[in-house]
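Asks: Below is a structure I'd like to ask you about.
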């Protein structure tokens, strides 16, 4: 059986992506949650089951095979399940979807650094920093193009829930947590992602965690 090692559900955005990928695969998997950045973290991250990734989560074990990095986990599981569960089948849609996923994977640094994921909090809305505003504009432009070209009558970016929605799911939580200004069409997409049953399961589990990382429990600095 697959084994997925993840960090705190309240805070770990990359873990959320890896976990959603496992759920999307439909394959059975064991879930191991390890608290991040506590007193034992340096020792724990050097353990044999986490060390191959350099001490980063998520990390997926499939027998002797080991995969880390959320996008790599998506691609591994896509191959393992016949290439039908994660990406659109249409070549144009598939290419656009992969481009969006790659841009999310490599970009939006200001949004991610200034607005850490915390699915247990709702902060009072504040005007975001200029660099975050610029990234939000780019984000919403990408979402608008995907919805217009490939969304059809379903609520997700390419119709059915898939890899791109997995990659953007933590951004949807950030928009919700910090009340970031969002146009109506984008808010409808955020609501659809947050309302997905797997997201609701993740958020409920995060509420039950006892671990707290103080730096993620404060609103962003101006």
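Asks: Which order, highest average first, do 129-138, 94-103, 66-75 follow once you tally other Cβ atoms within 10 Å for each residue and take the mean per peptide? Could the numbers behind the result be given before it?
Replies: Values: 129-138: 15.1, 94-103: 17.2, 66-75: 21.0.
With the highest mean Cβ count within 10 Å placed first, the list reads 66-75, 94-103, 129-138.
Asks: State the percent of C-alpha pairs, over all pairs in the stretch 68-150, separated by a distance greater than 14 angstrom.
Replies: Percentage above 14 Å: 73.
Asks: Related question: Quick check: pseudo-label points 7 Å beyond the Cα along Cα→Cβ at residue 30 and residue 51, how many nm apart are they?
Replies: 1.9
Asks: Considering only the chain, what is the antiparallel percent among its DSSP beta bridges, to the nearest 5?
Replies: Values: 8 of 13 bridges.
Counting DSSP beta bridges with both partners in the chain, the antiparallel share is about 60 percent.
Asks: Is the shape of the chain rounded, prolate or oblate, going by the alpha carbon gyration tensor and its root eigenvalues a ≥ b ≥ c, with a/c under 1.5 for rounded and a/b larger than b/c for prolate?
Replies: Details: a/c = 1.82, a/b = 1.10, b/c = 1.66.
It is oblate, given that a/c is not under 1.5 and a/b is not larger than b/c.
Asks: So, in nm, how far is label residue 191 from label residue 105 when the simple model puts each one 7 Å beyond its Cα toward the Cβ?
Replies: Distance between label points: 3.2 nm.
Asks: Another one. Relative contact order (percent) for the chain, with alpha-carbon contacts under 8 angstrom and 6 or more residues of separation? Mind showing how you got there, number by number?
Replies: Values: 304 pairs, mean separation 54.5, N = 222.
Across the chain, relative contact order equals 25 percent.
Asks: Determine, for each peptide in 76-83, 212-219, 110-117, the mean count of other beta carbons within 10 angstrom over its residues, then list the peptides with the highest first. Present the calculation step by step, with values, prior to reporting the outcome.
Replies: On the way: 76-83: 15.0, 212-219: 12.8, 110-117: 19.0.
Ranked from most to least packed, the peptides come out as 110-117, 76-83, 212-219.
Asks: Taking 0.36 nm per intervening residue step and subtracting the Cα-Cα distance, what contour gain separates residue 209 from residue 3 on full extension?
Replies: Working: separation 206, 0.36 × 206 = 74.16 nm, distance 2.02 nm.
Length difference between fully extended and current span is 72.1 nm.
Asks: For the stretch 2-84, what is the per residue volume of the convex hull drawn over the alpha-carbon atoms, in cubic angstrom?
Replies: Working: hull volume 6.7 nm³, N = 83.
Spread over its residues, the Cα hull of the stretch 2-84 gives 80 Å³ apiece.
FYI, it's all coordinate maths here, none of it is from the lab. Predicted model, so just to flag it, every value in this text is computed and none were measured. For neighbour counting, all protein chains shown are included, and Cβ atoms are generated from backbone atoms with ideal geometry for every residue, glycine included.
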